[in-house]
Amino acid sequence: MLAIDIDRLRLQELSGARLSLKVGAGEAVALVDDDQHRVTPIIRRCGGLDPIDEGRVQIGTVDVGRADRHTLQRMRQDVGYVSIGGGLFANTTLAANVALPLRYRGMAEAEADARARELLAEAGLQQHADLRAATIASELQKLAAYVRALALQPGVLLVEDAAAHLHPHGRRVVQQLLTTLRARGATVLLADDDRELARHLTDRVVELSSVLEAA
Amino acid sequence: MLLVELRRVVSYATLTVMTFGAALRRDGRRVVRAQIARQIVFSGWDAVPLVALMGALVAVSMVVITATLLPSGQTPQIIEKVLTFVLVRELAPQVTAIIVILRSCSAIVVELGYMSARDEIEAMQTLGIDPVRYLLLPRFSGMIAGQVALTTVFVGAAFVAGVAAAVVLGVAPALSLDNLREHLGPSDVLVAVAKSLVAGTLVAAVACYQGLSVGRDLTQIPRRTTRALMEALIHSTLALQLITLATL
């Protein structure tokens with residue numbers, strides 16, 4: 001089980017304010033603010049997608065800001081990530097999208113395909129498995145992105161904007177997926193401007209303003 | 001201006017070193033191998049008819065021009081020399097490089113550009129998939145293998161068409177593929193292979209770099225594609241000429 005420790009992370013997007021937040025192993029925390037653009041950069045830095053100039057973000061034993069490319073790649077084998085738009089490979093079917101990380105880890109093609117379809121079915125996407133990602137609605141793309149991020153059964157899940165592109169049905173599916181993930185003891189950190197959904201998905205809702213230290 | 005050019009060349013070299021370095025790792029072996037095969041089919045196999053046609057046409061032109069310009073007594077010997085020396089060492093790698101640039105370079109820039117603009121490359125990173133190994137290594141491998149194989153196809157088609165043209169037109173009735181093989185030295189083959197390797201690597205580096213430079217701005221795709229085509233053409237031609245000068 002992995003914990004997330006954000007220590008005095010300096011954010012240029014927030015006028016140089018610093019943020020400190022601890023997410024215990026197996027805990028689910030939502031970082032919320034009225035403006036989604038203020039919280040998304042924090043998740044991106046936790047995922048190692050944007051550089052960390054000052055402060056520290058640690059996931060498990062990995063110092064994300066100081067880790068090299070290969071350390072980050074190894075860390076990501078245990079850290080799922082869902083971006084705002086989902087980031088599916090547009091020209092590829094949903095099944096192939098979900099199967100790719102499994103195949104990259106060495107699973108045989110047929111086995112990975114079967115597993116991907118099984119996971120898509122759990123999210124109610126079985127009838128869309130053979131459609132190219134670019135041809136389906138953004139809500140379904142976002143759900144498939146959750147399925148893909150969870151395919152490797154990560155110990156940590158980072159979500160840029162949990163509510164983006166999701167209607168009530170999609171939100172229920174995400175809630176169900178996260179419940180299954182958390183039953184395995186995974187740690188979750190998500191950012192959102194929708195406090196109601198954040199409360200449903202996590203144990204603790206943290207207002208951004210409460211963990212910021214002015215520059 | 002010169003500094004900008006120099007920086008770009010350094011970037012191409014860095015990308016190439018990173019990609020060759022990624023070839024030494026083993027993660028995602030099966031899926032990367034499948035990608036490499038796919039790229040070789042696209043960059044190499046699919047271009048065989050076009051390259052063979054170009055090789056044949058160029059050889060026929062060379063035979064006709066040589067026969068027209070030279071006194072008839074010297075024609076067969078000169079045709080043999082022209083076909084082996086000029087064609088194998090110079091024209092085959094150069095014309096093949098131009099075809100590879102036109103077909104594959106633009107395709108790679110557009111594909112990587114769209115992936116970059118749609119955050120697909122970033123998504124790949126979040127899945128623990130190394131984009132250098134999964135995206136760039138197959139493109140480099142495909143372009144290099146394709147360039148070498150297509151140069152061979154070009155030479156083969158040119159030899160057959162050149163001999164056929166010489167015999168049919170009556171300019172060198174005794175010319176045969178065996179004559180050409182005798183004239184073809186190991187150094188000619190080595191130079192052609194070296195040029196193909198260099199051209200394939202350069203074109204791949206330019207295409208991948210420009211494709212990845214699109215960032216999130218879709219309007220950069222046509223600009224980067226044009227720039228990649230021009231730069232790949234200029235850099236590969238310059239490199240091939242340098243090899244020519246160094247091996248004369």
Considering only residues of region B:121-142 that are over 13 Å from B:A205 (Cα atoms) and among the aliphatic types (A, V, I, L, M), which is nearest to the chain's Cα centre (by Cα)?
B:I121
Might you let me know whether region A:82-96 holds any residue that is more than 9 Å from every other protein chain (Cβ to nearest Cβ), surrounded by 22 or more Cβ atoms within 10 Å (Cβ to Cβ), assigned to a helix (DSSP H, G or I) and not basic (K, R)?
yes
Taking B:R118 and the conditions (1) modelled with pLDDT under 90; (2) more than 24 Å from the chain's Cα centre (by Cα); (3) not aliphatic (A, V, I, L, M), which numbered condition does it fall short on, given that it satisfies the others?
(1)
Looking for whichever is surrounded by 22 or more Cβ atoms within 10 Å (Cβ to Cβ) and either at pLDDT below 95 or not small (G, A, S) (or both) here; the options are B:S104, B:S141. Which one fits?
B:S104
Condition check for A:E139: under 22 Å from A:L189 (Cα atoms), in contact (Cβ under 8 Å) with a residue 24 or more places away in the chain and crowded, with 24+ Cβ neighbours inside 10 Å:
no
Test for A:L190: is it closer than 21 Å to A:S83 by Cα and among the hydrophobic types (A, V, I, L, M, F, W, C)
yes
Complete set of residues in region B:7-37 that are of a type outside the set (A, V, I, L, M, F, W, C) and not in a helix (DSSP H, G or I)
B:R25, B:R26, B:D27, B:G28
Kindly check whether there is at least one residue in region B:144-161 that is closer than 30 Å to A:L72 by Cα and in contact with a Gly (Cβ under 7 Å, 6 or more places away or on another chain).
yes
From the option list A:R74, A:R132, single residue qualifying as of a type outside the set (S, T, Y) and over 24 Å from B:V110 (Cα atoms) is A:R74
For region A:138-190, give me each residue that is among the β-branched types (V, I, T), in a strand (DSSP E or B) and more than 13 Å from chain B (Cβ to nearest Cβ).
A:T187, A:V188
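The values are calculated or read from the model by the stated rules, or taken from the named source; none is laboratory data. Values in this document were obtained by computation on a predicted structure and should not be read as measured data. Glycine also receives a Cβ, built like all others from the backbone with ideal geometry; neighbour counts cover every protein chain displayed.
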